[in-house]
Amino acid sequence: MEYYSSHINKLIEEFSRLPGIGAKSAQRLAFHVLNMPKDQVEQLAGAIVNAKANVQYCKCCYTLTDQEICPICKNPRRNQKVIMVVENTRDLAAYEKTGKFDGVYHVLHGAISPMLGIGPDDIKLKELMQRITKDDIEEVIIATNSSLEGETTAMYISKLIKPTGIKVSRIASGVPVGGDLEYIDEVTLLRALEGRVEL
Ligand code: ZN
């Protein structure tokens, strides 16, 4: 039996597709939205549509940005010879918050996961290799998560880069296993960066 109108059901269904949103939360969000003033709902919907329409990958590091080249890649004070490889834009933001890394990034948009059927071609790995063979790079710091997928990805990348003679390092462990980098405090992140080991 349908308790709600089809419009409400559709809204609940859309919310429940989002990560971390179960059936109950989806219902709560749907009714919250329905109780919001109309202009606020339009602002919310507009922000979603605009973000999707205007955000693109940086042509250099593949982070999500609203410009062709992101502000970090464009910044002449950043050391373009040191690249930190992260899984996603949120991890990049976590390192940026420490304010202590002056190199540039490369965002993979995922990690290798044989279990989920995500292979090396499904993340921005080709793009990383093209970048390091084209530019003059001194060090690649692999800052993928310490989850199984993150470690698998780190090993894979180091094997690819080693033959090029470019220094490859891995951030120190101490970052909780399986923990998303964005949830780790800045001190721990800094320690992980400073204590990185050459692979
Ligand atoms: Zn960039």
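The values are calculated or read from the model by the stated rules, or taken from the named source; none is laboratory data. Treat the numbers as computed from the prediction; the structure is a model and nothing was measured. Cβ coordinates were reconstructed from backbone atoms using ideal geometry, including for glycine residues, and neighbour counts include every protein chain displayed. Surface accessibility is based on the protein's heavy atoms, side chains included, excluding ligands, DNA and RNA. Shrake-Rupley method; radii C 1.70, N 1.55, O 1.52, S 1.80 Å.
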### Task
Could you tell me whether segment 107-126 includes any residue that is modelled with pLDDT of 95 or more, within 15 Å of the ligand (Cβ to nearest atom) and open to solvent by less than 10 Å² (accessible area, probe 1.4 Å)?
yes
Taking segment 64-86 and the residues there that are surrounded by fewer than 23 Cβ atoms within 10 Å (Cβ to Cβ) and in a loop (DSSP other than H, G, I, E, B), the one that is nearest to the ligand (Cβ to nearest atom) would be 69
When residue 148 is run through (1) out of contact with any helix residue (DSSP H, G or I) (no Cβ under 7 Å at 6 or more places or on another chain); (2) open to solvent by less than 40 Å² (accessible area, probe 1.4 Å); (3) not charged (D, E, K, R), the failure sits at (2)
Open item on the list: Is it the case, given these coordinates, that residue 140 is over 12 Å from the mean Cα position of the chain (by Cα), of a type in the set (A, V, I, L, M, F, W, C), away from the ligand (no atom under 11 Å from the Cβ) and buried (at least 21 other Cβ atoms within 10 Å of the Cβ)?
Closed with: yes
Of the listed residues (91, 39, 102), the one being under 30 Å from residue 138 (Cβ atoms), surrounded by fewer than 12 Cβ atoms within 10 Å (Cβ to Cβ) and either more than 14 Å from the ligand (Cβ to nearest atom) or acidic (Asp, Glu) (or both) is 102
> Any residue in segment 172-179 that is outside any loop (DSSP other than H, G, I, E, B) and either under 17 Å from the mean Cα position of the chain (by Cα) or at pLDDT 80 or above (or both)?
Replying inline: no
**Prompt:** Within segment 163-171, is even one residue modelled with pLDDT of 90 or more, more than 19 Å from the chain's Cα centre (by Cα), under 17 Å from residue 105 (Cβ atoms) and part of a loop (DSSP other than H, G, I, E, B)?
**Reply:** yes
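Yes/no per residue for (1) in a helix (DSSP H, G or I); (2) open to solvent by less than 90 Å² (accessible area, probe 1.4 Å):
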residue: 9; (1), (2): yes, yes
residue: 14; (1), (2): yes, yes
residue: 19; (1), (2): no, no
residue: 30; (1), (2): yes, yes
residue: 44; (1), (2): yes, yes
residue: 47; (1), (2): yes, yes
residue: 52; (1), (2): yes, no
residue: 59; (1), (2): no, no
